[in-house]
Amino acid sequence: MSPTLQKRKVPLLDLAALHAPIRDEIIAEMIRVVDSQKFIMGDDVRELERLMAEYSGTRFAVGCASGSDALLLALLAVDVGPGDKVLTTPYTFFATAGAISRAGATPVFADIDPVTFNIDPNAAEHVLKTVPGIKAMIPVHLFGACADMDPLLDSANRHGCVVIEDGAQSIGAEYKNRKAQSMGQIGCISFFPSKNLGAFGDGGMLTTNDPELARKLGSLRLHGTTKKYYHEWVGINSRLDTIQAAILKVKFRYLDSWTAGRQNNAALYRNLLGGRDLPVQLPVEADYQTRHVYNQFVISVPARDNLKAWLQENGVGTEIYYPLPMHLQPCFKDLGYHEHDFPNSEAAARETLALPVHSGMPGEDIEYVSELIVDFYKTGAQVQG
């Protein structure tokens, strides 16, 4: 490490710093829910649903127990089941493909764009043309930026395919000034604690403009009941707890300011790392990605594992999203995919690294991380590592 740098701790995410300024507000809401004794499907859930529908630019929002459940419920709502196929990306969190299998359907993959890391519309179109029986498509808005939705929606429409947006990482992101989770038939949101809007545990939300889908989703999350003890469908138990909804309502008031903090931090990284003749691919905001919310700031680099070790040695937290694409996961070996089938996804799995970008991160920490990366490539540390 350069002698001009003073070693410090820089966590990948600092929830304590995020929550400290609003601790009293959150505790007051938690006490209110405890005193009310309305722990399941209380008024706070309905109010959060209203807020999320308005924020996402949709007519309806339906709370559920997690982002993973949101994906499963969406598939159940559009009648995806055994014998059906669902197209998605192999470069994503497991829940995307896992929900397809849990619904009894078969995941079918299309490779990613190597710049945005989102599903490549041309690759998706090729799969839709060549693989019969695809009933739905799940594009993922990865790392806080939307997939290229217009060509994906066009392909889906031509091939009679339902579109479910996996927006677990993209609340507030925009595509050509249209909100993520508002363009397909159903959108899925995660409130996992590390998300830009995170609960104090698990939680999820579904968005739609279709009143019949909203009614069905609302029923499916309650075991498929339409009135107590009467079941129109076989659903699951996936209710959003009232206390989580109350916490999320407090945090929602700060979401846009936190997003602005992430965007400012991303811009600072660009200023510090751009134009330095480094073998570092910085996140790209495509023209159609009119609002990137930076759930993660992911770079692509050679000697990724050595860089990760170097940063860890010097106190910087990082993460690899994701080290093994879905088509190479042991549980999906029966799908018949092999190494080299999706080269862009496999390259991303080898080369990407998420740097700290949370809104509470001071500028000097970003300067420290950036200078460590410069040192790593300029001084030959990647060879020594």
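The values are calculated or read from the model by the stated rules, or taken from the named source; none is laboratory data. Every value quoted in this text rests on a predicted model; they were computed, and no experiment measured them. All Cβ positions, glycine included, derive from the backbone under ideal geometry; neighbour counts span all protein chains shown.
Please find, among T259, T226, the residue that is farther than 25 Å from L75 by Cα and outside any loop (DSSP other than H, G, I, E, B). Please lay out each step first, then the result.
Details: T226 fails: farther than 25 Å from L75 by Cα.
The unique qualifying residue is T259.
Which of the helices (runs of 4 or more DSSP H) contained wholly in region 57-133 include at least 3 residues that are under 18 Å from the mean Cα position of the chain (by Cα)?
Numbers: elements: 67-77, 94-102, 121-130.
Output list reads 67-77, 94-102.
Output the qualifying pairs, or none if there are none: Cβ atoms under 6 angstrom, residues six or more apart or on different chains, first residue in region 144-169 and farther than 16 Å from Y288 by Cα, second residue of a type in the set (V, I, T) and assigned to a loop (DSSP other than H, G, I, E, B).
Pairs found: V162/V78.
Given E212, E174, which one is at pLDDT 95 or above, touching a Lys or Arg at 6+ places or on another chain (Cβ under 7 Å), assigned by TED's automatic domain parsing to the domain that holds M41 and not hydroxyl-bearing (S, T, Y)? Give the derivation first.
Values: E212 fails: touching a Lys or Arg at 6+ places or on another chain (Cβ under 7 Å).
It is E174.
Please verify whether region 30-47 includes one or more residues that are at pLDDT 95 or above, touching a Leu at 6+ places or on another chain (Cβ under 9 Å) and either of a type in the set (A, V, I, L, M, F, W, C) or surrounded by fewer than 24 Cβ atoms within 10 Å (Cβ to Cβ) (or both).
Among the residues of region 30-47, at least one is at pLDDT 95 or above, touching a Leu at 6+ places or on another chain (Cβ under 9 Å) and either of a type in the set (A, V, I, L, M, F, W, C) or surrounded by fewer than 24 Cβ atoms within 10 Å (Cβ to Cβ) (or both), which makes the answer yes.
Does any residue in region 341-352 that is farther than 16 Å from V127 by Cα come within less than 6 Å, Cβ to Cβ, of a residue that is in a helix (DSSP H, G or I) six or more places away or on a different chain, and which pairs are these?
E351/R304
So, in region 294-312, how many residues would count as being assigned to a loop (DSSP other than H, G, I, E, B) and in contact with a strand residue (DSSP E or B) (Cβ under 9 Å, 6 or more places away or on another chain)?
Residues of region 294-312 that are assigned to a loop (DSSP other than H, G, I, E, B), as a first pass: 294-296, 301-303.
Next cut, in contact with a strand residue (DSSP E or B) (Cβ under 9 Å, 6 or more places away or on another chain) only: 296, 301.
Matching residues across region 294-312 total 2.
What single numbered condition from (1) modelled with pLDDT of 95 or more; (2) among the aliphatic types (A, V, I, L, M); (3) surrounded by fewer than 23 Cβ atoms within 10 Å (Cβ to Cβ) fails to hold for L5?
The number of the failed condition is (1).
Name the residues in region 170-197 that are outside any loop (DSSP other than H, G, I, E, B), of a type in the set (S, T, Y) and more than 20 Å from Y254 (Cα to Cα), would you? Walk me through it before giving the result.
So in region 170-197, the residues outside any loop (DSSP other than H, G, I, E, B) come out as 174-175, 178-179, 186-190.
Adding the requirement that they be of a type in the set (S, T, Y) leaves 175, 190.
Of everything in region 170-197, just one residue is outside any loop (DSSP other than H, G, I, E, B), of a type in the set (S, T, Y) and more than 20 Å from Y254 (Cα to Cα), namely Y175.
crowded, with 16+ Cβ neighbours inside 10 Å, touching a Lys or Arg at 6+ places or on another chain (Cβ under 7 Å) and of a type in the set (A, V, I, L, M) - does that describe any residue in region 336-359?
Checked against the condition, which is being crowded, with 16+ Cβ neighbours inside 10 Å, touching a Lys or Arg at 6+ places or on another chain (Cβ under 7 Å) and of a type in the set (A, V, I, L, M), region 336-359 yields at least one hit.
For (1) in the same structural domain as G274 (by TED's automatic domain parsing); (2) under 30 Å from V108 (Cα atoms); (3) touching a Pro at 6+ places or on another chain (Cβ under 6 Å), each residue gets a yes or a no:
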position	(1), (2), (3)
P325	yes, yes, yes
Q329	yes, yes, no
Y337	yes, yes, no
H340	yes, yes, no
A347	yes, yes, no
S359	yes, no, no
G363	yes, no, no
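Can you report the number of residues in region 14-29 which are exposed (fewer than 13 other Cβ atoms within 10 Å of the Cβ) and within 22 Å of R262 (Cα to Cα)?
First pass over region 14-29, keeping only residues exposed (fewer than 13 other Cβ atoms within 10 Å of the Cβ): 16, 20-21, 23-24, 27-28.
Keeping just the survivors that are within 22 Å of R262 (Cα to Cα) gives 16, 20-21, 23.
Qualifying residue count for the region: 4.
Give just the number: which of (1) in the same structural domain as I119 (by TED's automatic domain parsing); (2) within 25 Å of the chain's Cα centre (by Cα) does V234 not satisfy?
Single failed check for V234: (2).
If you check every pair at least six apart or on different chains, which have Cβ atoms under 6 Å apart with a residue in region 123-135 that is within 13 Å of D111 (Cβ to Cβ) first and a residue that is of a type in the set (D, E) second?
Note: pairs meeting the criteria are A123/D111.
Report whether or not F376 is within 22 Å of the chain's Cα centre (by Cα), in a helix (DSSP H, G or I), in the same structural domain as I320 (by TED's automatic domain parsing) and in contact (Cβ under 8 Å) with a residue 60 or more places away in the chain. Outline the logic, then answer.
Values: within 22 Å of the chain's Cα centre (by Cα): no; in a helix (DSSP H, G or I): yes; in the same structural domain as I320 (by TED's automatic domain parsing): yes; in contact (Cβ under 8 Å) with a residue 60 or more places away in the chain: yes.
No; evaluated as a whole, the condition is false for this residue.
With the condition kept exactly as written, say whether any residue in region 199-211 is assigned to a helix (DSSP H, G or I) and touching a residue at least 40 places away in the same chain (Cβ under 8 Å).
Of region 199-211, the ones assigned to a helix (DSSP H, G or I) are 211.
Next, from what is left, pick out any that are touching a residue at least 40 places away in the same chain (Cβ under 8 Å): 211.
Yes, because at least one residue in region 199-211 is assigned to a helix (DSSP H, G or I) and touching a residue at least 40 places away in the same chain (Cβ under 8 Å).
Show the residue pairs meeting these rules: Cβ distance below 6 Å; 6+ apart or different chains; first residue within region 78-95 and of a type in the set (D, E, K, R); second residue at pLDDT below 95 and surrounded by fewer than 23 Cβ atoms within 10 Å (Cβ to Cβ).
Final answer for the pair search is K85/G133.
The rows are residues; the columns are (1) among the basic types (K, R); (2) within 20 Å of P11 (Cβ to Cβ).
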residue: K227; (1), (2): yes, no
residue: I236; (1), (2): no, no
residue: F252; (1), (2): no, no
residue: L272; (1), (2): no, yes
residue: D287; (1), (2): no, no
residue: G315; (1), (2): no, yes
residue: E319; (1), (2): no, yes
residue: F332; (1), (2): no, no
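Kindly indicate which of L213, L153, L222 is among the aliphatic types (A, V, I, L, M), more than 21 Å from T96 (Cα to Cα) and buried (at least 17 other Cβ atoms within 10 Å of the Cβ). Spell out how you get there, then give the answer.
Numbers: L213 fails: more than 21 Å from T96 (Cα to Cα); L153 fails: more than 21 Å from T96 (Cα to Cα).
Of L213, L153, L222, the one residue that is among the aliphatic types (A, V, I, L, M), more than 21 Å from T96 (Cα to Cα) and buried (at least 17 other Cβ atoms within 10 Å of the Cβ) is L222.
Taking into account only those residues within region 98-134 that are among the polar types (S, T, N, Q) and closer than 25 Å to D287 by Cα, which is surrounded by the fewest Cβ atoms within 10 Å (Cβ to Cβ)?
Initial filter on region 98-134 (among the polar types (S, T, N, Q)): 101, 106, 116, 118, 122, 130.
Right, trim to closer than 25 Å to D287 by Cα and you get 116, 118, 122.
Details: T116: 22, N118: 24, N122: 14.
Residue satisfying both the conditions and the ranking: N122.
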